[in-house]
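Written out below as C-alpha cells is the structure these notes cover.
Laboratory data are not the source of any read-out in this text; all were calculated from the coordinates shown. For clarity, every value in this text was computed on a predicted model and none was experimentally measured. All Cβ positions, even for glycine, are placed from backbone atoms using ideal geometry, and neighbour counts span all protein chains on display.
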Amino acid sequence: MSMLEVRTVTQRYGVSEVLRDIDLQVRAGESVALVGPSGCGKTTLLNLCAGLLPPTTGGINSGFERTACVFQQPRLLPWKSALDNIALGLKALGTPAGERARHARELALRMGLAGDDLDKYPHQLSGGMQSRIALARAFAVAPDLLLLDEPFSALDIGLKAELHALLLEYATTRRTAVLMVTHDLMEAVRLSQRILLMSAPEHAPGRIVWQVEFDRPFARRDDAWVYHNTAQLLATAQVRHAFSLAPVASPDTGGLYRAA
Amino acid sequence: MKLLRAWLVGIPAYLWSGWGAMASLLMLVALWEWGSQVFGALVLPAPVEALRTLAELIASGAAWPELAATARRALTGYAASIIAGSVLGLIAGLSVTASMTSRPIVTVLMGTPPIAWLVLALLWFGAGDATPVFTVFIACFPLVFLGAMQGARTLDNQLRDMAVVFGVPRRMMLTDVYLPHVISYLLPAWTAALGMSWKIAVMAELLSTSDGVGAALAVSRSHLDSAATMAWITAVMTLLLGVEYLLLEPLKREVERWRDQVAT
C-alpha cells in the first residue's frame, strides 16, 4: 500500500538543529495537518517530504507514485500564461501539447477561472487567481499525494472557503492523500483527519508533541462543528503551550491549567 | 519559427509606433542644422549638405564596400563577444567562487580604454581585419559577460524547487525555467554591446586599416572634408539604428511580452 513514511528524522543546518526525531505517516487517501507556531520547522519538514532536501539522519520513504506541491507563494512562472502554468506538470510528464492544453483548460474552468484569464500572465491576475492556478497546477498531474505549505494563508476568508471546498472535493473524490502545513487551526480542523502539533520552544529543534484525530466525514463538518472543535483545540493545554498562549482555566478544561 | 512569424506580423504596428522616435531624431537634426548656421559649414556642414554627399557616395558606389567592411568587422567581433560572453558569463554565474574571481578581472577589462586594446592589437595582429575584430571583441566581451553572470546569479531557487517537485526534466528546466529569466538579462547586454561594436570598429579602422568607414573618415579628415565626415557618420548611425530597431528591439518585445504590463 502506498504510504509516506518519515522515520526518526533529525535535520540540521550547520550546527543548528531544526527538527528532532520526527516520526510520521500519511496513508493513501488520508489527510494530515501539521500545525505549529512560525519557525517550528513545519516547512522544512514538508520540503523533506517533497524530496527537496535530504534528511541529516533518519529516513523518508514515499510509496506514492506522484507527488504534487502547493507552496506558500504561488510560484508561477512569470513568462508563462496561466494556462501554460497549469499545464507545467503535464508538460514535464510528456503529455502532448494539445491534450495538456485541453486538460488544463477544463480543470481551470471547473476551478472558477474565466476563459479569458487563461491567456494572461501571472502578474496580470489577482492573488486569489494566482493561488487558484497554483492549486490547479497541482491537481492537473492527478497526484496521489498532495503537499500543501500554507497555500491559503494570504487569502481572504471567502476565497479561502472556496479553495477549501475545491480541495476537499478533489481529494475526497480521487482519494488523494494530503499532508498540509498550516498555522490556522480552523483550517486544520476543517480539512484533516489527523492533526499533528509541532512545537519548538525557545529555539529548541522542532518536534511533534501531540496529535488528535477527527473521524467525522468532511461532508458533515459544518461551520458549527468546525468552530466547536477549533475552540476545544484552543483550550487544550499542549496547543496553548506550543503557540505560547497564556494558560486558561475554564470550568470544563480546568485540569489543563496544571498540565501547562 | 513562431518567433520569426511574430516578428514579421509585428513590424507594421511597430513601425507606426516609431513616429515618436522619428520625431526625436528629427529634433536632433534640427539642432544640427542650427549648429551649422551658427558655426559655419566648415566646422559643421548642414544636414542637407551631408546627406547630399552621402547620396553621391552611394550613387558612385564608393559607400557600399566601406560600409560592408565595417559591418563585417563590427559584426564578427560582436558575434564572437556575445557567444563567448554569454556562455562564460552563465557558467561563472552558476558558481559563487567563479563569479567572485571573475568580477575584478572583468572590472579591469571594462576599465581598460579601447584605444589601449587597439594599440596592443596593432602590435599583435598588424594591419588587417584581425585588429578591429579583436578590439571589438575585447571591448564588448565584459559587457555581455557581466549581463550573463547577473542573469545566472539571480535565478530563482523557489521556482527551481517548484519545477523539481513537478519532475521537470533537465532539458525543459533549461528552456522553460532558466532561459526565459536569463534572456531578460542577456538582451539588454547584447543591445548595449551592439552599439559599442560599431563605435569601436570605426575607431579601430581609423588607425589600422585602409578600407572601411574608419579609413574613409581618416581620408576625409586629411582633406578637411567635413561634409564627407558627417556623411559617413550619418551612414553608420543609420545602419546601427536599423539593426537595433528592426532586429533587436522587436525581438526583445516579443521575448519579454510577459513583462509588458508591469511597465505601463
Hypothetical label at residue B:13: residues of region A:98-134 whose amide nitrogen lies under 20 Å (7 Å Cα-Cβ projection)
A:116-125
Fraction of alpha-carbon pairs in chain B farther than 32 Å apart, rounded to whole percent, equals 36
Take every DSSP beta bridge whose two residues both sit in region A:88-229, then give the antiparallel share in percent to the nearest 5.
55
Find how many whole Å separate the alpha carbon centroid of region A:71-119 from the alpha carbon centroid of region A:181-237.
32
Estimated vicinal HN-Hα couplings, Hz - region A:230-239 in sequence order (Karplus 6.51, -1.76, 1.60; Gly, Pro = x):
5, 4, 5, 4, 5, 8, 7, 4, 4, 5
Over region B:45-263, what relative contact order in percent results from Cα pairs under 8 Å that are six or more residues apart?
30
Post the alpha-carbon centroid distance, region B:8-34 to region B:200-264, in whole angstrom.
16
In Hz, Karplus ³J(HN,Hα) per residue of region A:43-55 (6.51, -1.76, 1.60; θ = phi - 60°; x = Gly, Pro)
5, 4, 4, 5, 4, 4, 5, 7, x, 7, 9, x, x
Which distance in Å, rounded to a whole number, links the C-alpha centroids of region B:75-102 and region A:1-33?
42
Amide H neighbours of residue A:178 under 5 Å, at least 5 residues apart or on other chains, H built in the peptide plane: list them.
A:30, A:31, A:32, A:146
Cα-Cα P(r), chain A, percent of pairs per 10 Å interval:
7, 28, 33, 22, 7, 2, 0
I'd like the Karplus ³J(HN,Hα) series for region A:85-97: coefficients 6.51, -1.76, 1.60, θ = phi - 60°, whole numbers in Hz, and an x wherever there's a Gly or Pro.
5, 4, 7, 4, x, 5, 4, 4, 7, x, 5, x, 3
Rounded to the nearest 500 deg cm²/dmol, what is the calculated helix-only ellipticity per residue at 222 nm for chain B, with -39500 (n - 2.57) per DSSP H run of length n ≥ 4?
-26500 deg cm²/dmol
For the peptides B:186-196, A:152-162, what is the packing order when you average, over each peptide's residues, the other Cβ atoms within 10 Å and list the highest mean first?
B:186-196, A:152-162
Simple spin-label model, 7 Å along Cα-to-Cβ: residue B:55 to residue A:16 in nm?
7.5
If the limit is 30 Å between Cα atoms, which of A:91/A:160; A:91/B:252; A:42/A:120 go over it?
A:42/A:120
For residue A:69, what residues show an amide H to amide H distance below 5 Å, using hydrogens built from the backbone and excluding near sequence neighbours?
A:147
With the calculation restricted to Cα positions, what are the radius of gyration and Dmax of the protein assembly as shown in angstrom?
32.3, 107
Evaluated at 4 °C with a viscosity of 1.567 mPa s, what Stokes-Einstein diffusion coefficient in µm²/s does region B:59-131 have when Rh comes from the Kirkwood expression over alpha-carbon pairs?
87
Note the angle between two axes, namely the Cα long axis of helix B:130-153 and the longest principal axis of the Cα atoms of chain B, as a number of degrees from 0 to 90, rounded to the nearest 10.
30
Spin-label point model (7 Å from Cα, Cβ direction): what's the residue A:109 to residue B:30 distance in nm?
5.5
